[in-house]
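For reference, the structure is listed below as structure tokens.
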Amino acid sequence: MTTIITRLFQDEATAQDVAERVIFRGVPSRATSVISADTPDLHAKMDAALVHPSAQDAYAKQIKDGRALVVVRATYKPLTAATIVRDMMAQRNAIAVDGVVDDYYMPDGPQRASSVLKEHPHFLTVRSSRTGYAGGPVTVGLGFRLLSERKTKTSAKGKSGARSRWFWPMPLLSKKSRSSSVISGGRYMSRAFWPMALLSKKPRSNSVIRGGDLPFSRALGWPPVS
């Protein structure tokens, strides 16, 4: 929510001093307005500052008599901004105007802006008026082409050729038939210390007891496999 706080002061100098003190306490300068007799089109200025419509005629009459209006749109910055602004304005003897809405709440809506930074927009962008740049591709100034014709290559290395040939004279891939053993002649390492075959062709038994007895299942009368 945004709190619109409007207070009338004796002259423009006092109003400007109050606005500067409010900004010094942390309220953004864009949320503070001073409307005086020198301001062209008072009603348009008050509309832009979000002065309550019912109070504009009364304020316009006072402003034409030489007084000045301070309008603050207090939000969350700083915390308790509305309370801070009310207390500061009360200390400067604001002029009371009968029958006006000088303090009201309004819901916040989406605000469209060309930059997420309102106080320092486009801080990474240099204005073209300062650089003399008239637009166009950067490659034109450097003399590069944007696109080049695609060439057929068999290697990522310039002028083709495999990079491994520089330090390894043999081909990277062998065309020999593959073997199931890494030992020359196709022998197996297990034969050197284990004379028996690695895999047995005997039929498997359901018992670890020699002879194939199943005492537990025999005692209970249960088959070993269901």
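The values are calculated or read from the model by the stated rules, or taken from the named source; none is laboratory data. A quick note: this is a predicted structure, and the numbers were derived from the prediction, not measured. Here the Cβ is made from the backbone with ideal geometry for all residues, glycine too, and neighbour counts use every protein chain on show. In case anyone asks, the SASA skips ligands and DNA or RNA and just uses the protein heavy atoms, side chains included. Shrake-Rupley method; radii C 1.70, N 1.55, O 1.52, S 1.80 Å.
Here the condition is being crowded, with 18+ Cβ neighbours inside 10 Å and either over 20 Å from TYR105 (Cα atoms) or without any contact (Cβ under 8 Å) to a residue 24 or more places away in the chain (or both); of ARG21, ARG7, ARG67, it holds for ARG67 alone. A search for C-beta distances below 6 Å between a residue of region 215-226 that is assigned to a helix (DSSP H, G or I) and any residue that is surrounded by 10 or more Cβ atoms within 10 Å (Cβ to Cβ) and not aliphatic (A, V, I, L, M), counting only pairs 6+ apart in sequence or on different chains, returns SER217/PRO224.
A single entry from LYS45, LYS61 fulfils the requirement of being touching a Ser or Thr at 6+ places or on another chain (Cβ under 9 Å) and without any contact (Cβ under 8 Å) to a residue 24 or more places away in the chain: LYS45.
Taking region 24-42 as the range and being of a type in the set (Gly, Ala, Ser) and in contact (Cβ under 8 Å) with a residue 60 or more places away in the chain as the test, only SER29 passes. Out of ARG73, ARG67, one residue alone is basic (Lys, Arg) and under 15 Å from ALA15 (Cα atoms). It is ARG67.
Going by the conditions given, is ALA55 under 36 Å from the mean Cα position of the chain (by Cα) and among the hydrophobic types (A, V, I, L, M, F, W, C)?
Working: under 36 Å from the mean Cα position of the chain (by Cα): no; among the hydrophobic types (A, V, I, L, M, F, W, C): yes.
So ALA55 fails the test.
Residues in region 76-90 that are open to solvent by 100 Å² or more (accessible area, probe 1.4 Å) and either modelled with pLDDT of 90 or more or closer than 19 Å to ALA55 by Cα (or both): LEU79 only. Within region 30-48, the set of residues being loosely packed, with under 12 Cβ neighbours inside 10 Å and in a helix (DSSP H, G or I) comprises ARG30, ALA44.
Of all residue pairs spaced 6 or more apart or on separate chains, those with beta-carbon atoms under 8 Å, a first member in region 134-156 that is open to solvent by less than 100 Å² (accessible area, probe 1.4 Å) and a second member that is at pLDDT below 75 and among the small types (Gly, Ala, Ser) are GLY135/SER128; SER155/GLY161; SER155/ALA162.
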